[in-house]
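Heads up, the thing below is written out as structure tokens.
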Amino acid sequence: MASIVLAGGGTAGHIEPALAVARVWKSANPHDEITFLGTAKGLENTLIPAAGFTVSNIPKVRISRTPSLTWARIPFELVASVRACRAILKGADLLIGFGGYVSAPAYIAARTLGLPAIIHEANAKPGWANRLGAIFTPYLAVAHGVSTGMFSDALITGLPLRSDVADALKGVGGDWKSARAQAKTRLGFDSSQPLVFVMGGSQGSVAINKVIEQSVPALSKKGIVMMHSVGRGNVLPTATDLYRPVAYVDQMADAYLAADLIIARSGAVTCAEFRALGRYALFVPLPIGNGEQFHNARGLLADGRAEVINQKEFTRSYLETHIDALLKSSSAAPLEGSALDADAALKIAALGQHALESR
């Protein structure tokens, strides 16, 4: 029996791939012990216990994106976090990291303990935590090829899909036309009408929400049907016959299948889930970070399944002017999704098994 620790808390973009790998590992090794690292206020404290796994929290290392006096606290917070990670990792057999603020101290702690670690990078541009961790381990994996840096020789695995998306992909059975029509019906929409699905992530996007709310009257006049996931923490706008705002979409696989056009951020997980089930997308990359969201969408752009627009250019005027062209592009896009990421969790688990056997 082995003890496996997974690090990837903070956002769903780190948690969902980690959960997918945990499920695969547990299925193949039912007696192994699996623990997730997290912080007290992270989303992992909701998602991971709901999936049947245990979370052990560590102190959070707070790093602002811009220079700040708070940076003076970083060394002290990092030391405390590494110590907490060491206490959890003692006796463990393997660390699997997915990036984010939980992973960096875990990578350092694993190195000091001589514990093998594998790292999976979801984004087209690796984040700072994974770049740090890559110094300490040869076991690197990426969702898609990286041209430069330490991840350029990493194993290309794809990005692990969460269970509902993976199950929906398997359930299509090659009949994408029927699958898309049936998903629309399950969501309560007319299968003959084009559907626009808008999402800004689990917390919603204030910038995207504002443009959509301003555009509802004009788009409704065109007879366009919209489902808008505004985020759990945001006030729901007024619904109409053609506009359905919701706090959160539980049937995400159906939403990907049903939508003729998706308007969303281009996080790595969103791009992978869209690639699997979606048809056509307008991506509005988050204008902070290291520019990874723009790069995440490049493959979908090359495949003719998406367009990208800067947030500053995504306005009511733009949407009202371009919505017809976007829906026309959607109607010309392939009906089929892609199984490119279908086996990603299996490949990462296999790399982890290799690291264990090489210890």
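Residues in segment 79-127 that are β-branched (Val, Ile, Thr), under 16 Å from Gly13 (Cα atoms) and at pLDDT 95 or above: Ile96, Ile119.
The criterion of at least 1 residues that are within 30 Å of Phe98 (Cα to Cα) is met by the following helices (runs of 4 or more DSSP H) wholly inside segment 157-261: 163-172, 206-221, 252-258. With respect to being among the hydroxyl-bearing types (Ser, Thr, Tyr) and within 20 Å of Ala22 (Cα to Cα), Thr39 fits the description. Checked against (1) assigned to a helix (DSSP H, G or I); (2) out of contact with any Gly (no Cβ under 9 Å at 6 or more places or on another chain), Thr270 passes all but a single condition, namely (2). Scanning segment 308-329 for residues that are closer than 30 Å to Asp167 by Cα and under 23 Å from the mean Cα position of the chain (by Cα) turns up just one, Val308. Scan segment 33-53 for residues that are over 18 Å from Pro105 (Cα atoms), free of Cβ contacts under 8 Å to residues at least 60 places away in the same chain and either assigned to a loop (DSSP other than H, G, I, E, B) or of a type outside the set (A, V, I, L, M, F, W, C) (or both) and the total you get is 7.
Scanning segment 96-149 for residues that are part of a loop (DSSP other than H, G, I, E, B) and over 21 Å from Ser81 (Cβ atoms) turns up Ala122, Asn123, Ala124, Lys125, Pro138, Ala143, His144, Gly145, Val146, Ser147, Thr148, Gly149.
Restricting segment 103-128 to residues that are in contact with a Lys or Arg (Cβ under 9 Å, 6 or more places away or on another chain) and touching a residue at least 60 places away in the same chain (Cβ under 8 Å), the residue that is surrounded by the most Cβ atoms within 10 Å (Cβ to Cβ) is Ala117. Scanning segment 62-94 for residues that are touching a residue at least 40 places away in the same chain (Cβ under 8 Å), in a loop (DSSP other than H, G, I, E, B) and of a type outside the set (Gly, Ala, Ser) yields Arg65, Asp93. For segment 35-48, residues that are surrounded by fewer than 20 Cβ atoms within 10 Å (Cβ to Cβ) and at pLDDT 95 or above total 1. Is there a residue in segment 91-109 that is out of contact with any Pro (no Cβ under 6 Å at 6 or more places or on another chain), among the aromatic types (Phe, Trp, Tyr) and over 30 Å from Val146 (Cα atoms)? Checking segment 91-109: not a single residue is out of contact with any Pro (no Cβ under 6 Å at 6 or more places or on another chain), among the aromatic types (Phe, Trp, Tyr) and over 30 Å from Val146 (Cα atoms). Condition check for Lys328 on (1) touching an Asp or Glu at 6+ places or on another chain (Cβ under 6 Å); (2) at pLDDT 95 or above: one failure, at (1). The one condition from (1) closer than 30 Å to Leu115 by Cβ; (2) small (Gly, Ala, Ser); (3) in contact (Cβ under 8 Å) with a residue 60 or more places away in the chain; (4) surrounded by fewer than 23 Cβ atoms within 10 Å (Cβ to Cβ) that Ala350 does not meet is (3).
The values are calculated or read from the model by the stated rules, or taken from the named source; none is laboratory data. Quick caveat: nothing in here was measured; it's all calculated off a predicted structure. Neighbour counts are summed over all protein chains in view; Cβ atoms, including those assigned to glycine, are modelled from backbone coordinates with ideal geometry.
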